[in-house]
Amino acid sequence: MLKKIFANYVYLLKITVMLKKLFLYFLFFQIAPAYSQAKIIYLDSNWKTLPNEKKAVYYRPLPLPKIQNLSLLRNYYVKNKVMESQGYYADGIEENYVGEVFWYRSNGDDYNSRIFINKSKQKKLSYYFNDGKLWKTVEYGDSLRNGKTVEYKTDGSILGESIYKNGYLVSGIAGGSNVYYNYRSFNKKTKYEESIDLPGYKGEDRNYKKIYYWKSTLKNAAEFTYKNGQIVNEKNFGENGNLLQELDANSYFKDTDELKDGKEYFYNVQRSGITEAPTYIEYRSYPFSDVKLDYISHLVLYRGTVHFLEKHSEKDLYRQTNYDFFKENENSFMSLQLSFRSEDVWEPIEKFLDDETLLISVTEIESFSKEKIFGRFSKKTFYNHNLKNKSISETLFFVSPDFMGKTLKSATKTITDEKESALIYLNIAPGKYILFRENGGYFIPKKTGDIIEIPNFTSN
């Protein structure tokens, strides 16, 4: 009896082993074809297929992931295995894009992006980081973005959730990529893309935020608050989360996009992430009584205008400070734009000169206080030489330390404007000033002789 039971047990064991072998055999031959299809195709700079990696610029993993009638196309740079582009196309036609399409530079920075209508049945699309981790998911309605978009940081935590209605971002927190309003569609007949304008937005105010974050610390780098498509607040942060500046409507001159005091940052973005310190232009604004330019090394005079040069601290290179004038609540300001964006702005001094320019070193300027520089020039008057031998005359004169006046005289009447031009005192070095007219012209107390330039006017 025991022998019979043992024989049955051995028989069952053999059957079990055989079944396992058959299952593994079946599984291998079911999976093997999928693995055999996985491959990489290599492409040159013109996107032509190459036999190997040797001269390739890009590569594309195959097979492409598919969702219903959509294929997810992802290309990569051969050099550093960074994604070159990603986006979905429909019905096997690569040009027939659906949803967002992104292109990237070889260093990983965002380069370009577009958005296409999505009439497919797949109403939720996913996009990815270089390593294949989920970057964001986007929901669509009939054809436009409609519903929730969720964006993730590189560690998998949520950067923000935002809500779209009929193609418009209306609330929540979005990543720092573009907000799209002009959609595109691929015309299968003409084989061309066509632009599609969104209908005007109807609904409540759209209040939302856009965020960049530091990839090194995962803390916010910049935060922009929007209302109906316009920025109403901006915050910029250091890598450790320290607030660098906060800007709002009062940070700009009225009815302009010109910053009064602060920095305009330029971020190189990688899917809302920042890997390096941004470049920037710094703005400084001063009332006319005391504009500080005490970091400059030279004045460049050109066709009745003055330009300011700053010398590099280590190299024989220079960069220019631009300026403009603004009025606010009847007060006049001079706004300086300091080109501190990057090392690229530094150039040899010859780049700023030609046959019509005069270069003056700050060392050539006399040391005068504001009171003395006004006293030096205040007794002078100037007449419009273009009106010589005419029946009318036009004369400029100093009214006070703050204004120059103008008198227009004809045979029948005399008209005087005592505030024709405000005076601007530029502190170009410790104890050194030059004088500007808001309406054009300047007074420079040069050691070898004053330089005075007022367009169309000559000193009496």
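Structural remarks
- Selection status of residue 413, without any contact (Cβ under 8 Å) to a residue 12 or more places away in the chain and open to solvent by 60 Å² or more (accessible area, probe 1.4 Å): yes
- Strands (runs of 3 or more DSSP E) wholly inside segment 375-460 containing at least 2 residues that are of a type in the set (Gly, Ala, Ser) and at negative phi: 414-429
- Members of segment 36-75 that are of a type in the set (Ser, Thr, Tyr), touching a residue at least 24 places away in the same chain (Cβ under 8 Å) and touching a Pro at 6+ places or on another chain (Cβ under 8 Å): 42
- Selection status of residue 98, at pLDDT 95 or above and open to solvent by less than 20 Å² (accessible area, probe 1.4 Å): yes
- The residue of segment 373-394 that is most open to solvent (accessible area, probe 1.4 Å), among those that are polar (S, T, N, Q), without any contact (Cβ under 8 Å) to a residue 24 or more places away in the chain and over 23 Å from residue 428 (Cα atoms), is 389.
- Candidate set: segment 227-241, residues that are within 30 Å of residue 204 (Cα to Cα) and in contact with a Leu (Cβ under 8 Å, 6 or more places away or on another chain); chosen: the one surrounded by the fewest Cβ atoms within 10 Å (Cβ to Cβ): 233
- Taken over segment 352-372, residues that are modelled with pLDDT of 95 or more, open to solvent by 40 Å² or more (accessible area, probe 1.4 Å) and part of a helix (DSSP H, G or I) amount to 2.
- Every condition in (1) part of a strand (DSSP E or B); (2) surrounded by fewer than 16 Cβ atoms within 10 Å (Cβ to Cβ) holds for residue 200 except the one numbered (1).
- Qualifying residue in segment 168-181 (condition: open to solvent by 80 Å² or more (accessible area, probe 1.4 Å), touching a residue at least 12 places away in the same chain (Cβ under 8 Å) and under 19 Å from the mean Cα position of the chain (by Cα)): yes
- Residue within segment 224-244 that is assigned to a strand (DSSP E or B), of a type outside the set (A, V, I, L, M, F, W, C) and over 25 Å from the mean Cα position of the chain (by Cα) present: no
Every residue, every condition in (1) at pLDDT 95 or above; (2) in contact with a helix residue (DSSP H, G or I) (Cβ under 8 Å, 6 or more places away or on another chain), yes or no:
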site: 231; (1), (2): no, no
site: 236; (1), (2): yes, no
site: 243; (1), (2): yes, no
site: 247; (1), (2): yes, no
site: 251; (1), (2): yes, no
site: 254; (1), (2): no, no
site: 261; (1), (2): yes, yes
site: 268; (1), (2): no, no
site: 271; (1), (2): yes, no
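- Those residues of segment 242-292 which are in contact with a Leu (Cβ under 8 Å, 6 or more places away or on another chain) and either small (Gly, Ala, Ser) or within 12 Å of residue 222 (Cα to Cα) (or both), in sequence order: 247, 251, 262, 272, 285
- Enumeration of residues in segment 300-318 that are under 23 Å from residue 453 (Cα atoms) and among the basic types (Lys, Arg): 303
- Where a residue in segment 431-453 is small (Gly, Ala, Ser) and its partner, wherever it lies, is open to solvent by 30 Å² or more (accessible area, probe 1.4 Å) and part of a strand (DSSP E or B), with Cβ under 9 Å and at least six apart: 440/305; 440/453; 441/452; 441/453; 441/457
- Out of 150, 170, sole residue that is of a type in the set (Val, Ile, Thr), touching an Asp or Glu at 6+ places or on another chain (Cβ under 6 Å) and part of a strand (DSSP E or B): 150
- In the condition set (1) out of contact with any Ser or Thr (no Cβ under 8 Å at 6 or more places or on another chain); (2) outside any strand (DSSP E or B); (3) open to solvent by 60 Å² or more (accessible area, probe 1.4 Å); (4) of a type in the set (Ser, Thr, Tyr), residue 143 is compliant with all but (3).
- The one condition in (1) in contact with a strand residue (DSSP E or B) (Cβ under 6 Å, 6 or more places away or on another chain); (2) on the phi > 0 side of the Ramachandran plot that residue 39 fails to fulfil: (2)
- Comparison of 193, 139, 161 shows that the only residue that is within 29 Å of residue 60 (Cβ to Cβ) and either touching a Gly at 6+ places or on another chain (Cβ under 6 Å) or polar (S, T, N, Q) (or both) is 139.
The values are calculated or read from the model by the stated rules, or taken from the named source; none is laboratory data. Everything quoted here is computed from the prediction, not taken from an experiment. Please note: Cβ atoms are built from the backbone with ideal geometry, for glycine as well, and neighbour counts cover all protein chains shown. Protein only, heavy atoms only, side chains kept; ligands, DNA and RNA dropped before computing areas. Shrake-Rupley method; radii C 1.70, N 1.55, O 1.52, S 1.80 Å.
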